[in-house]
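Input: a single structure, listed below in structure tokens.
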Amino acid sequence: MGLKQDSSEEHAKQNQDCFECWFPFYTFDNLSDPMEKWLSFGKQLPYDSGIDKQFLAAPIKSSVDKYQLVPEFLKVRGLVKQHLDSFNYFVNVGIQKIVSANDRIVSSVDPSIYIRFNSVKIGEPSIPRDGVSEKITPQLCRLSDMTVHSRKSYPKIRLEKKNVIIGRMPIMLRSCCCVLYGKDEAQLAELGDVDTGTTKKRIIIDSDKKGNINASVTSSTEERKSKTVILMEKGQMYLHLNQFVNKIPIMIVMKAMGMESDQEVVQMVGRDPRYSDLLLPSIRECAKHGVYTKQQALEHLEAKVKKSTYSGASSEKVFFLFFVRVRRDSFRAKCIYVAVMLRRMIDAYLNKDTMDDKDYVGNKRLELSGQLISLLFEDLFKSMIEEVKKRMDMNMARLSRSSRFDPLQYVHGDSISAGLERTLSTGNFNIKRFRMDRKGMTQVLARLSFIGTLGHMTRISPQFEKSRKVSGPRALQPSQWGMLCPCDTPEGEACGLVKNLALMTHVTTDEEEGPLISLCYCLGVEDLELLSGEELHTPNSFLVIFNGLILGKHQRPQRFATAMRKLRRAGKIGEFVSVFVNEKQGRVYVVPDGSGDKNCSILKTGSINKRCVYIASDGGRVCRPLVIADKGISRIKEHHMKELLDGVRTFDDFLRDGLMEYLDVNEENNALIALYEGKSTPATTHIEIEPFTILGICAGLIPFPHHNQSPRNTYQCAMGKQAMGNIAYNQLFRMDTLLYLLVYPQRPLLTTKTIELVGYDKLGAGQNATVAVMSYSGYDIEDAIVMNKSSLDRGFGRCIVLKRCSAIRQKYENNTEDRIIRPNREGDGAGRMQILDDDGIAAPGEIIRPGDIYINKETPIITRGPTVSPAGLPDRAYRPSIQTFKGPEGESCVVDKVALFNDKNNNLCIKFSIRHTRRPEVGDKFSSRHGQKGVCGTIVQQEDFPFSERGICPDLIMNPHGFPR
Amino acid sequence: MDGGLTYQRFPKVKIREMRDDVVKFELRETDASVANALRRVMIAEVPTVAIDLVEIEVNSSVLNDEFIAHRLGLIPLTSERAMSMRFSRDCDACDGDGQCEFCSVEFQLRARCHNDQTLDVTSKDLYSSDHTVVPVDFSDPNEPAEQRGIIIVKLRRGQELKLRAIARKGIGKDHAKWSPAATVTFMYEPMIRINEDLMETLSLEQKNTWVESSPTKVFDIDPVTQQVVVVDPEAYTYDDEVIKKAESMGKPGLVEIEAREDSFIFTVESTGAIKASQLVLNAIEILKQKLDAVRLSEDTVEADDQFGELGAHMRGG
Ligand SMILES: [Zn+2]
């Protein structure tokens, strides 16, 4: 509620102008366990039973009730654990890696002087105040508009060994560095910060990235990132790299890497004459340039290299595809990679069907906050190193080693701290080093409703612009089953592009690659280096691709995959490592490059995938847990569930004991998943835990979604977030700009399992309403509703609106300061100062009217120039700068609370929370839980309302014409 | 008056049940307009006393001032005296200030929690300046004394609530808190006639399914004669389920149900502010006053010609 009727465009703002009412009047024949009924859908009935009501009504007993696993999963992983996981990974591992990779600052004047970063540590969250650092809690930060920071300190050697603070880091709430980490709810309550689920100040959008590392054109290591594109233009193939001015014919590149013989290249790509036909123009082109030897090729490349600051870089140092490691100056691995890319490209050219589905979820990676912050940090850290180095050299040249020299003085973290803060607050990630320029990467977490907050944290936003009028990426993708919610997507331009995670989805973080690679070799993967071009494509061998990198090939792929999976189930390798055997013919996708020229298309090796085994351990993949079945028989038995209920067994134990495992989208293609144990066949490899986990948080709140028209579920997902009610357990202590709370929120009469899981029954929104479905008064056309005045008198739909006003006691450069003075109790303006206390600040509990002064502040007239002592300043040196309350006329508002604190610049800041209790009015929006919204058309006296023989009088009347058919 | 047709009727009332909080009676030989007028007056125009003004001195509870004030307003207060009290707006004694003894009652509430157990502040903590106007006591005298009144707020250790409240006379039309009626409803008396001959053509099983098709227990089967009998005609909610069922069974006309449009069964439940029986009487009294007001107004006399017999009737014909 909130807006008047004139704000007709309701979805324009996600205003809190709606609240839910439930329909207790719908009757269902089996209320005891409605979900059970849903689950039992599709269950086969014995044919000869006739129609036995009793039998139909009885809940069908699933062989093992695995429901309990869901709350257990959420206990372990949490609803938004993916953000925390990724941030924790960055803090614990990522940051150290970045620092280790760039650990030296060596003076170019005197190479014997260098600074080495030994290790990096993130300290406890603190805040410097008057030179002392204080530990802080999120509640305090929220009050003072600050971000939780933590220091990073680096102990180092060489010169003295000491801790140097290199910067301050914003900390994600509830992450392992946060004070809230590891505290139970009771403790959290003491800290003044509990929300079931989690809290976070800012959230970084997960954007999915196409043409990812695994698929191969963009690659990255700790040192650098690059994008390699091979494109086909007028039948010829070129390599496109940023280091080069123009496109380079592919054959020249091959020659530069030592493949002087054209025959060898052709062999590597494949001996099929069609392949060589297509390669011919490229070979010819190469000859046209007069390039025949490695030396000539290198010279050719040298000429094309962009004039860069790194002078003297020879073409041999030009990196591309550089995740492929160059061992002992051998470019063979790279050659093979290029050859495989070429082969896929030609395949795609020859046969359009082999193109990849670019909306396939398995090819997408979600970028989580930790990854983005780590990128940002890396950039800032490198900039800092350069800066330090420059200054060190400059000073060393000047000082001519006369005085004692301490290079550490140049190391300070201002640039890192400021950079992190600026980027996070503006959301503009502009990282030149990685050619990344994205806007709106951070969003302020919506705090208008509990569900809105949760929904926001599971949202996935696409990277590319939303204006594209394509339907492909917007359509429901079969591969998103169980990973992304099929219902929850906004209406309008972002429809289908912005998605939400399903209930049990987990997003992976990076995992150590080294051990996995060596493990693969141990399990019989033949090294690429040892293979000839010819052998590469022998029919019954499979390429083994690890995170997009060709490791080699394997003769018995199934055996290899089974071995890997066994190891994973035994917990020997990470639980999120995915093993996927692709036996299909090659699939590659070609994306038009926008020029409209059909022949000019950029190849994105969606996956180099013809007959391959993929091993993936990279971050950003979506995966979900499933029960493992042996020949269709679930590994989870009754006794396991009993142990779980008794608390002897945890979710992790299920994973450890190999009863369950995580599957990502790719690996799902190798599995046959049964919805219920009863539906499994001998070929079944996995069984779903609970069918309702296909839905996300918002869609899970809808009762009986399968009885709704499909778009209604989508509408409800958008609308459920606007429902008024409770926001968080700390709602009464919060000082948000705007907060809507329901006076009497209720638990819905009909709950779903998801409602219980997310705690919506504890932090609910909405009320149960008695609804009559009939036409009444004519003020109910077009989805308008008629409301009972007596119900409103009794508190139905009543809400509390909390608005914030703030004032700062500013300090000025001439040492003067604003002052807050005692109000005059008599004379002019005394009436407007009634609500002020003697300290000149409005008192909590006072009724505040429009025009009332809430802070009696005065500002010095002269604020610049020479320093003045503030104490000696006479009264006439100040001019009044009172702040008056500007609220709507006729509303009675009350000063709810007043908070005083010091802000970042150590100025006294005063925040006022102004409360207004409001009852529903004509024009307020109401909705049911099924995407059925309506505005209040009129309010009618109870005696004019219809009543039943039993004396029941409804709270509101809905027009039957408003029901969707 | 003259020898013409008179529309005057003499409704009959038969009381079926009478308790302090519930009255059930039959109103016969009148029409829906009268029954409905009575219902409307009971809900919206019978005056009671309810807290209307709250001055909060201390409130360190979790609920805010308006919240508590709203809750206080909804507490029913015994209002036998309400009929004779004055409305604050036309009270001469206090010039409409609404704080004098003729038009208001003052309440005090002081509560503070001193120990770790949460303290329930209830309507019993409200101290009235007038012993005739006190919060309604719902507790059963047979139940232990722990059974306290209507809860206002819960206090934790150290929290305090201190306030002064003024209760005034008002009517439900202005705010639901002044309505003395919890439920006022009436229904037409149903007349149910079973076509016995047709019923006999049904098997026992069919009879059973037919009886069960009614959502409320209106019919039953006599265990001895195995005949369908009407056990409680008033349980019928005019839902037509049995009629539809009969049609679907291929026996239309199995039962005939009619509403007697001149007989009403009233159920009146009171909030406790006044006795249910008093509520009915007060409603009749107010209805009379309203009619008097119409009759006495000069407009009515002038409009005599216009209204014809109705005007004469109202003047006491
Ligand atoms: Zn008075």
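Check whether at least one residue in the stretch B:202-224 is away from chain A (no Cβ under 14 Å), acidic (Asp, Glu), exposed (fewer than 13 other Cβ atoms within 10 Å of the Cβ) and assigned to a helix (DSSP H, G or I), and report yes or no. Yes: the stretch B:202-224 contains one or more residues that are away from chain A (no Cβ under 14 Å), acidic (Asp, Glu), exposed (fewer than 13 other Cβ atoms within 10 Å of the Cβ) and assigned to a helix (DSSP H, G or I).
Let's see how each residue does on (1) open to solvent by less than 10 Å² (accessible area, probe 1.4 Å); (2) in the same structural domain as A:SER100 (by TED's automatic domain parsing); (3) modelled with pLDDT of 70 or more:
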position	(1), (2), (3)
A:ILE346	yes, no, no
A:VAL361	no, no, yes
A:ARG391	no, yes, yes
A:MET394	no, yes, yes
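A count restricted to the stretch B:108-144 and to residues that are under 27 Å from the mean Cα position of the chain (by Cα), away from the ligand (no atom under 16 Å from the Cβ) and among the hydrophobic types (A, V, I, L, M, F, W, C) stands at 4. For the stretch A:793-808, the tally of residues that are surrounded by 20 or more Cβ atoms within 10 Å (Cβ to Cβ) and at the interface with chain B (Cβ under 8 Å from one of its Cβ atoms) stands at 3. Looking only at residues of the stretch A:732-749 that are open to solvent by less than 30 Å² (accessible area, probe 1.4 Å) and touching a helix residue (DSSP H, G or I) at 6+ places or on another chain (Cβ under 8 Å), we find that the one that is nearest to the other protein chains (Cβ to nearest Cβ) is A:VAL743.
Looking at the stretch A:573-631, the strands (runs of 3 or more DSSP E) lying wholly inside it that each contain 3 or more residues that are modelled with pLDDT under 85 and open to solvent by 10 Å² or more (accessible area, probe 1.4 Å) sit at A:589-592, A:601-604.
Across the stretch B:233-244, the number of residues qualifying as within 13 Å of chain A (Cβ to nearest Cβ) and surrounded by 13 or more Cβ atoms within 10 Å (Cβ to Cβ) comes to 6. So is B:VAL41 part of a helix (DSSP H, G or I), away from chain A (no Cβ under 14 Å), more than 16 Å from the ligand (Cβ to nearest atom) and farther than 30 Å from A:PRO745 by Cα or not? Criteria not met by B:VAL41.
Listed here are the residues, each with its yes/no results for (1) assigned to a helix (DSSP H, G or I); (2) hydrophobic (A, V, I, L, M, F, W, C); (3) within 14 Å of chain A (Cβ to nearest Cβ); (4) within 13 Å of the ligand (Cβ to nearest atom).
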position: B:VAL46; (1), (2), (3), (4): no, yes, yes, no
position: B:ILE51; (1), (2), (3), (4): no, yes, yes, no
position: B:ARG71; (1), (2), (3), (4): yes, no, yes, no
position: B:ILE75; (1), (2), (3), (4): no, yes, yes, no
position: B:ASP95; (1), (2), (3), (4): no, no, no, yes
position: B:VAL105; (1), (2), (3), (4): no, yes, no, yes
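Inspect the stretch A:754-771 for any residue being within 14 Å of another protein chain (Cβ to nearest Cβ), outside any loop (DSSP other than H, G, I, E, B) and either hydrophobic (A, V, I, L, M, F, W, C) or over 19 Å from A:MET724 (Cβ atoms) (or both) and give the result as yes or no.
Checked against the condition, which is being within 14 Å of another protein chain (Cβ to nearest Cβ), outside any loop (DSSP other than H, G, I, E, B) and either hydrophobic (A, V, I, L, M, F, W, C) or over 19 Å from A:MET724 (Cβ atoms) (or both), the stretch A:754-771 yields no hits at all.
Restricting to the stretch B:245-266, name every residue that is open to solvent by 30 Å² or more (accessible area, probe 1.4 Å) and in a strand (DSSP E or B). Listed by number, the residues that qualify are B:GLU256, B:ILE257, B:GLU258, B:ALA259, B:ARG260, B:GLU261, B:ASP262.
If you check B:LEU109 against the conditions, is it open to solvent by less than 90 Å² (accessible area, probe 1.4 Å), within 14 Å of another protein chain (Cβ to nearest Cβ) and at pLDDT 85 or above? Against the criterion (open to solvent by less than 90 Å² (accessible area, probe 1.4 Å), within 14 Å of another protein chain (Cβ to nearest Cβ) and at pLDDT 85 or above), B:LEU109 does not qualify. Checked against (1) open to solvent by 60 Å² or more (accessible area, probe 1.4 Å); (2) more than 30 Å from A:PRO844 (Cβ to Cβ); (3) within 14 Å of chain A (Cβ to nearest Cβ), B:VAL62 meets all criteria but (2). Take the conditions (1) over 27 Å from A:CYS799 (Cβ atoms); (2) over 25 Å from the mean Cα position of the chain (by Cα); A:LYS753 misses just one of them, which is (2). When A:GLU661 is tested against (1) free of Cβ contacts under 8 Å to residues at least 24 places away in the same chain; (2) part of a strand (DSSP E or B), exactly one condition is not met: (1). The number of residues in the stretch B:77-93 being buried (at least 17 other Cβ atoms within 10 Å of the Cβ) and near the ligand (Cβ under 7 Å from one of its atoms) comes to 3.
Yes/no per residue for (1) within 14 Å of chain B (Cβ to nearest Cβ); (2) open to solvent by 20 Å² or more (accessible area, probe 1.4 Å); (3) among the β-branched types (Val, Ile, Thr):
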position	(1), (2), (3)
A:VAL898	no, yes, yes
A:ASN902	no, yes, no
A:ASN905	no, yes, no
A:GLU921	no, yes, no
A:GLU943	yes, no, no
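The values are calculated or read from the model by the stated rules, or taken from the named source; none is laboratory data. No experiment lies behind these values; they were computed from the predicted model shown. FYI the Cβ positions are ideal-geometry reconstructions off the backbone, even for glycines, and counts take in every protein chain you see. All accessible areas refer to the heavy atoms of the entire protein, side chains included, with ligands and DNA or RNA removed. Shrake-Rupley method; radii C 1.70, N 1.55, O 1.52, S 1.80 Å.
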